[in-house]
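These notes concern the structure reproduced below.
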Amino acid sequence: MIGIQLTQQGRGLSGAGTALAVLLALIAMAGIAQVRAQNGTEIICVDASAAPNGEDGSCWEHPFPDLQDALDQAETELTNGADSVEIWIAAGIYLPTAVDSDDRDASFTLFDGVSLYGGFPSGGGDGTFGARDPENITTTLSGNLGDQSNNDDNSYTVVTVEEDVTVIIDGVTISDGSADAFSHPIDVEDLKYRAGGIAILNDADVTIANSEISGNFAGLVGGGIYVAGATVTIANSTIKDNFTYETGTHGGGIRVGGNNARLE
C-alpha cells in the first residue's frame, strides 16, 4: 500500500502561491543502498542511549547521542568535500536543543546534501542499513523542550529545510512543534505561527518516506507541514493529529503553496 494518510481531524489540505508539486512515490531501499556504495557517501550515527565514549559519530562504536551534534558534523564533512552525508538515527527522542532550554527558535535545520534515516535499533543492530525497521522502531524528533505537560515552551518548528536544497527525511516521527507566536500586524514571512512540524522553503527538493508527522500545531497555517514553493515527495507516510488555530483551508496537516499543486 503506497500513499499518504491525511487524518488531521477536520482540518484542510490546501494550496496557494508559487510552483509546487506534492508527489507520492515508493522509495526502493535496495536501490538507495547501491547508490550509497557507489558514491562513497559519508555516514554518521546517532544513538540517544549511547554512553559517553569519545563520541565522534563514527557509527555504532562512537555514535553521537545528540542529533544536533551529528548535523554539525555533517556540515563539516560537506564543507570538506563530501558529496553527501547520511545520518543514521537509532530509537529514541531527539530535541533540537538542550533539555529544559527556553530557546523556542531551536529547530533541526537541514541543508543541501544531508539525509536523515531513522528506525535503527539502539546499538545499531548488525551495523548495516538493513538493520533499520522504521515500521516498528520509533525515532522521534520532538519539539517538547521543557514542561512535558504543555506546549507553551515547545519549539516553534521542529524541522526546517533551507531554501534551494535537496534532502531526504526517512523513518522518523516529527512531533510537538508549536508555531503559536502571533504578532500584530501579521508578518507573513514569520514561521513562528506557521509550520509546527516541518517548514520546507523555496526551491527545496525534499523526500519524506516511512515517517509520521503528528501532534503539531500552527497558529496560522501548516500545523504538520508548511511548504513554500518547493517540491516534496511523500511516500508511505502518515500525517495525523496536527492542527491550526483556524479551520477550513489553513492546512492542519499540510499546507502547500503552488498554482500547480498536485497530490497523487
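The values are calculated or read from the model by the stated rules, or taken from the named source; none is laboratory data. From a predicted model like this one, the values you see are computed outputs, not experimental measurements. Heads up, the Cβs are rebuilt from the backbone with ideal geometry, glycines too, and the neighbour counts pull from every protein chain shown. For accessibility, only protein heavy atoms count, side chains too; no ligands or nucleic acids. Shrake-Rupley method; radii C 1.70, N 1.55, O 1.52, S 1.80 Å.
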13 Å beta-carbon shell around T139, net charge (K/R +1, D/E -1): -4
With a 1.4 Å probe and every protein chain left in place, tell me how much accessible area E61 has, in Å² to the nearest 10. 120 Å²
Just to make sure I understand: if all protein chains stay in place, what is the order of W60, W88 by accessible area at 1.4 Å, largest first? W60, W88
So what are the ³J(HN,Hα) numbers for the range 229-234, from phi and the Karplus equation (6.51, -1.76, 1.60; θ = phi - 60°), rounded to whole Hz, Gly and Pro as x? x, 10, 10, 10, 9, 10
What nm distance separates the two modelled labels at N53 and D72, each placed 7 Å from Cα along Cα→Cβ? 2.1 nm
Quick one: Karplus J couplings for the range 203-212, per residue in order, coefficients 6.51, -1.76, 1.60, θ = phi - 60°, nearest Hz, x for Gly and Pro? 6, 6, 10, 10, 10, 10, 9, 6, 10, 10
What is the spin-label model distance, in nm, from D147 to E61 if the labels are put 7 Å beyond Cα along the C-beta direction? 4.6 nm
Take C45, C59 and sort them by solvent-accessible surface of the protein heavy atoms, 1.4 Å probe, largest at the top. C59, C45
Count the net charge of all other residues whose Cβ sits under 9 Å from the Cβ of N216, scoring Lys and Arg as +1 and Asp and Glu as -1. -2
